[in-house]
Structures are given as structure tokens and as C-alpha cells.
Amino acid sequence: MLTNKATVLDNLPFTIEPERVLREMRVPRIKTIEEIEEKPLAESVKGAIDKAYGLIHGRGVFTTFRLNGVDGNTILSDDAGSLFKGANMVKLLGGCDFATLMAATIGPDLENEVERIQKAGELTDAYALEMVGGWMADYMADKVDEFVERAVEKAGYKRTMRFSPGYGDWSLDNQPETIRLSQAGKIGITLTQTNIMMPRKSVSAVIGWERMG
């Protein structure tokens, strides 16, 4: 197993599920586009899904680091410094020998198109496309997660849950180091001054390699 070396994943395959898009839009008790009574909304959702296939470009990256134990509320790592600090990190990684930092994105094209059609006044179409993108960011993160899980299991470990900066006491202030160490720049992810990822439809996280038994 290689540590501190980024694995880049390009052209991640995907399928857009209308039911998941409708759930993202919080359309109650409806599972198919055909069930939507408001025809303009139904046409916007279908059009957004069709358009999104040409706008989404799934990419991912992950990098694994060796851990060296626990010191108070910090997980020690020669290579990751004090990134993994706080009660949530100790709970997540306290029994782990390694941690993988990962990032995933759908790229900038979809959100650029949302902005364009918003300015054109096509608000329903923009909303529907935005909802497609919101779900697909997590979809791409799940795809990268699957690659990490296979690496974890191949090495004889079991994986922890996926945990992202901004949750619990692992604050968003940890985002710059998460992006730097995961080498998310290799897939085009940058940060604003307020630690928001660009493209916005991106996800970063850590997964621990927990010892078996």
C-alpha cells in the first residue's frame, strides 16, 4: 500500500435517478416524473436530467496517511500534522492505523449553466438543474468512497464511516489542510476565503482504516 500518494479518478461513471432528484426537490409522495401533475415542473425536471448528462464530469482523488496514535484530543500523524483533532476525530480514528483523505466533484459546468439560466429568468429550470447537481455531488463522493473501501479491505482492514469538515467539532477551519493533503487541486477543487469549495458541487472527507478484531 502506498501512503502520501494521490490516486486520481477521472470520468467516474454515473446514472441520474429521477426518484433521487425528486427527493432532493422534496416533491411529496411522487417517485416518477410522470406522476407530477404540474406539467411545466415535470418538463423542467426531465430537461434538467437530460441536460445534466452533458454537464457533469465526475472526478475524485484520495490520499492515505499513516497514523501514530492518540494524544489527548488529537490523532497523531507525522504526515498529516494535527489535522485530525477533536472528540469526533478521536472517536472516528482512535483505533485506526491509517486515514484516507478524499475529495470528489462534478466539475464546474453544471453550476455555470445554473447561473446562466437564472440570469435568463428561467428560474424553474435553474432550480431543477441545481437539485440534480446537489445530489450528484454526494453520488460522486460515494463512487470515490467505493474505491477507498476496496483498498481498505484489500489491506486487511475495515473502514470507518465517512466524515467531512464542518460536522461535529471537526470545524470547517480544517478544510484548507484537508484539500491540500488530499491533493484535491489535482481534480480542480479550490477554496474561497470562507473555506467553501469551488466547484460548489464538491465533497471532501476522511475515512479511517480500522484494525480488525
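Values quoted throughout were computed directly from the atomic coordinates according to the rules given, and no laboratory measurement underlies them. Quantities reported herein were computed from a predicted structural model and do not represent experimental measurements. Methodologically, a virtual Cβ is constructed for each residue, glycine included, from the backbone with ideal geometry; neighbour enumeration extends over all protein chains shown.
Quick notes
- Qualifying residue in region 42-58 (condition: under 30 Å from residue 155 (Cα atoms), in contact with a Leu (Cβ under 7 Å, 6 or more places away or on another chain) and crowded, with 21+ Cβ neighbours inside 10 Å): yes
- Residue ID - farthest from the chain's Cα centre (by Cα), chosen from residues in region 167-183 that are exposed (fewer than 15 other Cβ atoms within 10 Å of the Cβ) and in a loop (DSSP other than H, G, I, E, B): 169
To keep it simple, each residue is scored yes or no on (1) among the polar types (S, T, N, Q); (2) surrounded by fewer than 18 Cβ atoms within 10 Å (Cβ to Cβ).
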position: 157; (1), (2): no, no
position: 185; (1), (2): no, yes
position: 190; (1), (2): yes, yes
position: 205; (1), (2): no, no
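- Qualifying residue in region 7-23 (condition: more than 30 Å from residue 180 (Cα to Cα), among the β-branched types (Val, Ile, Thr) and without any contact (Cβ under 8 Å) to a residue 40 or more places away in the chain): no
- Residue within region 126-149 that is touching a strand residue (DSSP E or B) at 6+ places or on another chain (Cβ under 9 Å), of a type in the set (Lys, Arg) and in a helix (DSSP H, G or I) present: yes
- Long-range neighbours under 8 Å by Cβ, at least six apart or interchain, first residue part of a loop (DSSP other than H, G, I, E, B) within region 85-109, second basic (Lys, Arg): 95/211; 106/201; 107/59; 107/201
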